[in-house]
Amino acid sequence: MPSGSGSVMSKWQEVKAERNRQSLARLTKALPPIFPSAVLSRALSRPFVPPTPRLAIDSYWRAHPIRADRLARGLAKRSGAPDGWFWRLGTDRNGGLPTTFRTPPAPFRERAYARGPGFCCVCGQPVYRFGWHVDLWDAGANEKAVWHCACVVAWQFWNAPSSEARILRRLQARRCGETGGRLWKSAEVDHRVPLFQVWSEYRHAPWPQLLDYWGLPNLRAINRDVHAAKCAAEARDRYGARHLAPELA
Ligand SMILES: [Zn+2]
C-alpha cells in the first residue's frame, strides 16, 4: 500500500461523515411529522443520506422498481381508460401519441386526455406531497406535480426493462425463463409475448390491462443464446406472415 493512502482514506471518511451530518440535518428539518416509515428507514441506512424527503422517496422507488411497476399498474386500474380512448400510434410527438408500439400506451400522456396538474400522466391518479400516491398529510393534490415518484420508476422500467436484468435474475432464482437451465450473468430480458405481437393481436385489449405486457407479468430473464434464437424465430414468423399469399396469411 503506498504511503499516505491511509490518511487519504480517513480524509475521505471524514468528508463523507460530514456530508451525511449535513444531509441528515436538512432531511430532519424538512421532514413532516408523518412520513412513510419504509422510505425513512431506507434513507437513513444509505451510504449517502438523501438530503430532502422528495429525494428519499425517489431513492426508495429506484431501489424497488418491481414494486413501482406493480403499484403503477394498480393505480392505473383505479383510473381505467378514458371514454373513447383506444391505443393508437402517431407520426410525431405533437399530440402526445406514442410513435412506436414499443412505448407503453398511456392515455393520460396524450393531450386529448391529460388530466392536468395534480394528476399523474402515467396512471391518471392524483399526485400528493413529495410525489407520493396517498394523501398521508391531508393536503390534497400537489398542483405542481404530474408524475408519481413510483410511476416515474415504473415508466423507466417499462421502457428499458433490460436495466433491471439483475433483479429479474434474482426473482427467477437464476434459472433461465425459457429452458429452466442455469441463468448466466449475460442473461437478457425478454418479453414473453413480444411487443410487436401485442400491437398486432392484442391492441384492443382494455387499458390498463395492456400495461401488463410491459410489466413483470410479461418479463423474464433468459440466456443470451436462447434470446437470440427466439428473436430470430420471431423475425422469421413476421417475415413469413408478410410474404405469405393473402389466402394463407
Ligand atoms: Zn402515477
(message) Run the simple label-point estimate for L171 and L24 please: 7 Å along Cα→C-beta, distance reported in nm.
(response) 3.5 nm
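Residues of segment 169-229: accessible area per residue at 1.4 Å, in Å²?
Details: 3250 Å² over 61 residues.
Heavy-atom accessible area per residue stands at 53 Å².
Provide the FRET efficiency to the nearest 0.05 for the R111-R203 pair, computing r from the beta carbons and using R0 = 22 Å.
Details: r = 20 Å, r/R0 = 0.93.
Computed FRET efficiency for R111 and R203 comes out at 0.60.
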(request) Enumerate the calculated ³J(HN,Hα) couplings along segment 20-33 in order (Karplus 6.51 cos²θ - 1.76 cosθ + 1.60, θ = phi - 60°), each rounded to whole Hz, writing x wherever the residue is Gly or Pro. (result) 5, 4, 5, 4, 4, 4, 5, 4, 4, 5, 7, 6, x, x
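Out of the total accessible area of the chain (probe 1.4 Å, heavy atoms of protein only), what percent is carbon and sulfur? Intermediate results must be reported in sequence, preceding the final value.
Working: 7750 of 14210 Å².
Taking all protein chains in place, the chain shows 55 percent carbon and sulfur surface.
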(message) Give the aspartates and glutamates whose C-alpha is closer than 19 Å to that of K230, dropping any in the same chain fewer than 8 places away, or say none.
(response) E178, E188, D190, E201
(request) Tabulate in residue order the Karplus-calculated ³J(HN,Hα) for segment 53-60, using 6.51 cos²θ - 1.76 cosθ + 1.60 with θ = phi - 60°, rounded to whole Hz; enter x for Gly and Pro. (result) x, 4, 5, 5, 5, 4, 5, 4
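Provide, as a two-decimal number, the C-alpha radius of gyration of segment 108-249 over 2.2 N^0.38 Å, N being how many residues it has.
On the way: Rg = 19.4 Å, N = 142, 2.2 N^0.38 = 14.5 Å.
Ratio of Rg to 2.2 N^0.38 Å for segment 108-249: 1.34.
Can you tell me the accessible area per residue over segment 20-67, all protein chains present, probe 1.4 angstrom, in square angstrom?
Details: 2670 Å² over 48 residues.
Using a 1.4 Å probe on heavy atoms only, each residue of segment 20-67 averages 56 Å².
Can you give the relative contact order of segment 84-145 as a percent, counting alpha carbon pairs under 8 Å and 6+ residues apart? The partial results should precede the final answer.
Numbers: 92 pairs, mean separation 13.0, N = 62.
Relative contact order, segment 84-145: 21 percent.
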(request) Identify the GluC sites (Glu not before Pro) of segment 178-249 meeting these criteria: DSSP loop state and at most 10 other C-beta atoms within 10 Å of the C-beta. (result) E247
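Between beta-carbons, use under 14 Å as the cut-off and find the net charge around W85, counting Lys and Arg +1, Asp and Glu -1.
Details: positive: R88, R109, R111, R115, R203; negative: D83, E110.
Around W85, the surrounding residues sum to +3.
The values are calculated or read from the model by the stated rules, or taken from the named source; none is laboratory data. If you're wondering where the values come from, they're calculated on a predicted model, not measured in any experiment. Methodologically, a virtual Cβ is constructed for each residue, glycine included, from the backbone with ideal geometry; neighbour enumeration extends over all protein chains shown. Each accessible area value is taken on the protein alone, full model and side chains, heavy atoms only, with ligands, DNA and RNA left out. Shrake-Rupley method; radii C 1.70, N 1.55, O 1.52, S 1.80 Å.
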